[in-house]
Amino acid sequence: MKRFPIILLSALLAACSGENASDPVTEPVVAPDPVEKPAEEGLMCTDSPLLLELPSVPELGSAGSIKVYDSSDRQVDEINLADLQTVTIREDGQMIPKAQITKESIYNTFMDAVKCSNRWRIIHYTPLRVKGKALEIKLHSGVLDFGKEYYVTMDKDFVKGHGGIAKGEWSFKTKSKPSSKSELKVNADGSADFCTVQGAVSYSATLGKTAVVEIVIASGTYNETVFIRDKNSLTLKGENRANTVISYANNESYANGSGASIETKPSVGRAIGACGGRGVILAEACDGLVIENLSLKNGFGELKGQAEVLYFNGNGKLFIENCSLNSLQDTFLCKGQVYVHNSLISGHCDFIWGYPKACLFEDCEIRSEAAGYIVQARVQNKADKGFVFLNCRLTAAEGVKDGTMYLARSGGSSDYYDNVTFIGCTMSPVIAASGWYTNPAPNPSSPSAESGWKEYGSKDASGKALDLGSRSRMSRILTESEAAAYSGRAEVLGY
């Protein structure tokens, strides 16, 4: 891991400490000769956390601020310990709000305003984290610019027993803009263009709405939320599905609603206007978004409470290839036209839901983590395909009882349609014999080949056809000719 030889009293500033970084050191380490871009050696990513290393485990005080200034003495950021009272700290070090964030909540320095294109997502975040004998300081999104010099000040006893940091004692410089406009690289260790996924996403939006951009993410765990807005033809590609993880603990009790953005960044002390929501990734008004070779996780970890991993909010196309989406309730929420292939989606309560025109899961594993319901469809038009599962495997985590999972349940409204279809799927005994949960009744309650709850060719793990004689009368067993309309990507999505 690269470190920068900047000494402050007994403290060392180190660049871009990732989740898997090595233990802090108390002596400066001279970085090896760089292989590429020698002029950039010793410079920080614009989205890098700062690391203050101390002689002993740091303990936060009760007052004071850390501030960052540019070379013209303009303040660009502040983290004020007065706002520490608004959060609690989980065992994993993540800070979560004591009170649910709503549109009326007052913006403070323990919230982040994440910009993409010309809108902002307001979300809780963790500005300070103790890591061994170091204090990791995560600045607010977008406050640093490329190729600039900055300095840091810290009030006395911000860290208990520490005399503070004065102007001139801690300074750093940032890297220049990435050389490529079509491929951006992310690595938490500071060796790439960006240290965070959000840093790369926000920068990609500045390259033009229709510019084709691939963001390549190195293996590691990225503890962050992500906001993608008004950016087409964007790919998020992990180095390795199992080892490239975007994870954050979020939940309805922390942040109200599925998520929305605002036009203007709120000032500290003013109402935020709209909450950025309970999900990990919020994608708004995007087309041609590709997510590949990634594990996405909402780390909330409790059965009760809506906690999306991904909310795709728009009428465009989304492609998910070779990914894992892991949560418990409301894991995946979508609109538009969605293709999910060779991926795992796990949860227990309405963990696939939303308002799509068509959303096809092909060759996927749909894993039940506890008793509940897989799908809740709110399809807007009767003729839209809605959610279709083609040649998928419906499995269960260890200990989940047979017969305790239902293929779908309805939201109970006549304003939308419960269009859900399973074609050629392998179903473990976790699926109830009746298949579908009928209270409240779906719309339509008497399905046709085009609308409602439908099924064809379901089988057990050995490949033997399931006896569907006990399926609910509010569902339909399709004929072979009827099932042909759901037999492939072209049939379901039209491309």
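The values are calculated or read from the model by the stated rules, or taken from the named source; none is laboratory data. Everything quoted here is computed from the prediction, not taken from an experiment. Counting neighbours? That spans all protein chains shown, and the Cβs are built from the backbone with ideal geometry, glycine included. For the accessible areas, the whole protein counts, side chains as well, though only heavy atoms, and no ligand, DNA or RNA atoms are used. Shrake-Rupley method; radii C 1.70, N 1.55, O 1.52, S 1.80 Å.
Return only the number of the condition from (1) under 14 Å from S475 (Cα atoms); (2) in a loop (DSSP other than H, G, I, E, B) that G412 does not satisfy.
(1)
For A383, which of the numbered conditions (1) among the hydrophobic types (A, V, I, L, M, F, W, C); (2) within 26 Å of G494 (Cβ to Cβ); (3) crowded, with 24+ Cβ neighbours inside 10 Å fails to hold?
In the conditions (1) among the hydrophobic types (A, V, I, L, M, F, W, C); (2) within 26 Å of G494 (Cβ to Cβ); (3) crowded, with 24+ Cβ neighbours inside 10 Å, A383 misses (3) alone.
Take A370 and tell me if it is touching a strand residue (DSSP E or B) at 6+ places or on another chain (Cβ under 8 Å), assigned to a strand (DSSP E or B), surrounded by fewer than 20 Cβ atoms within 10 Å (Cβ to Cβ) and among the aliphatic types (A, V, I, L, M).
Considered against the rule, which asks whether it is touching a strand residue (DSSP E or B) at 6+ places or on another chain (Cβ under 8 Å), assigned to a strand (DSSP E or B), surrounded by fewer than 20 Cβ atoms within 10 Å (Cβ to Cβ) and among the aliphatic types (A, V, I, L, M), A370 comes out as yes.
I'd like to verify a number: residues in segment 447-468 that are assigned to a loop (DSSP other than H, G, I, E, B) and either farther than 15 Å from A383 by Cα or basic (K, R) (or both), how many?
Taking segment 447-468 first, the residues assigned to a loop (DSSP other than H, G, I, E, B) are 447-452, 457-458, 460-464, 466-468.
With either farther than 15 Å from A383 by Cα or basic (K, R) (or both) added as a condition, the list becomes 457-458, 460-464, 466-468.
Looking only at that region, the number is 10.
Can you work out which of the residues in segment 426-441 that are open to solvent by less than 10 Å² (accessible area, probe 1.4 Å) and without any contact (Cβ under 8 Å) to a residue 40 or more places away in the chain is farthest from the chain's Cα centre (by Cα)?
Filtering segment 426-441 down to residues open to solvent by less than 10 Å² (accessible area, probe 1.4 Å) leaves 427, 430, 432, 435-436.
Next, from what is left, pick out any that are without any contact (Cβ under 8 Å) to a residue 40 or more places away in the chain: 427, 432, 436.
Values: M427: 29, A432: 31, W436: 30 Å.
Ranking the candidates gives A432 first.
Can you work out which of the residues in segment 197-237 that are hydrophobic (A, V, I, L, M, F, W, C), more than 17 Å from the chain's Cα centre (by Cα) and farther than 30 Å from R129 by Cα is surrounded by the most Cβ atoms within 10 Å (Cβ to Cβ)?
Filtering first and then ranking leaves V213.
State which residue is least open to solvent (accessible area, probe 1.4 Å) when the search covers only segment 152-196 and only residues that are under 24 Å from E224 (Cβ atoms), charged (D, E, K, R) and out of contact with any helix residue (DSSP H, G or I) (no Cβ under 7 Å at 6 or more places or on another chain).
Only one residue tops the list, namely D189.
Of all the strands (runs of 3 or more DSSP E) wholly in segment 203-294, which have at least 3 residues that are of a type outside the set (A, V, I, L, M, F, W, C)?
Values: elements: 213-217, 220-223, 226-229, 234-238, 244-248, 281-284, 289-292.
Result: 220-223, 234-238, 244-248.
Among the residues of segment 320-347, which ones are more than 14 Å from I281 (Cα to Cα), in a strand (DSSP E or B) and open to solvent by less than 10 Å² (accessible area, probe 1.4 Å)?
Passing the criteria: G336, V338, V340, I345, S346, G347.
Could you please find all residues in segment 61-98 being without any contact (Cβ under 8 Å) to a residue 12 or more places away in the chain and either at positive phi or open to solvent by less than 20 Å² (accessible area, probe 1.4 Å) (or both)?
Result: D73, single match.
Just to be sure before I move on: is E149 farther than 21 Å from Q198 by Cα, at pLDDT below 95, surrounded by fewer than 20 Cβ atoms within 10 Å (Cβ to Cβ) and not basic (K, R) in the structure I sent?
Numbers: farther than 21 Å from Q198 by Cα: yes; at pLDDT below 95: no; surrounded by fewer than 20 Cβ atoms within 10 Å (Cβ to Cβ): yes; not basic (K, R): yes.
Spelling it out, it is not the case that E149 is farther than 21 Å from Q198 by Cα, at pLDDT below 95, surrounded by fewer than 20 Cβ atoms within 10 Å (Cβ to Cβ) and not basic (K, R).
Identify, by number, the condition in (1) open to solvent by 30 Å² or more (accessible area, probe 1.4 Å); (2) on the phi < 0 side of the Ramachandran plot that I272 doesn't meet.
For I272, the exception is condition (1).
Of S202, S233, S182, S191, which residue is of a type in the set (S, T, N, Q), out of contact with any Pro (no Cβ under 8 Å at 6 or more places or on another chain) and at positive phi?
Values: S202 fails: at positive phi; S182 fails: at positive phi; S191 fails: at positive phi.
After applying the criteria, what remains is S233.
Can you tell me which residue is surrounded by the fewest Cβ atoms within 10 Å (Cβ to Cβ) among those in segment 300-315 that are assigned to a loop (DSSP other than H, G, I, E, B) and in contact with a Lys or Arg (Cβ under 9 Å, 6 or more places away or on another chain)?
N315
Given the structure, is A358 more than 22 Å from K297 (Cα to Cα), open to solvent by 30 Å² or more (accessible area, probe 1.4 Å) and of a type in the set (A, V, I, L, M, F, W, C)? Steps first, please.
Values: more than 22 Å from K297 (Cα to Cα): yes; open to solvent by 30 Å² or more (accessible area, probe 1.4 Å): no; of a type in the set (A, V, I, L, M, F, W, C): yes.
Judged against the criteria, A358 is not a match.
Would you pick out the residues in segment 470-493 that are among the small types (G, A, S) and either assigned to a helix (DSSP H, G or I) or at pLDDT below 95 (or both)?
S481, A483, A484, A485, A490
When you go through D384, D350 one by one, which is the residue that is part of a loop (DSSP other than H, G, I, E, B) and of a type in the set (D, E)?
On the way: D350 fails: part of a loop (DSSP other than H, G, I, E, B).
Criteria check complete, one pass: D384.
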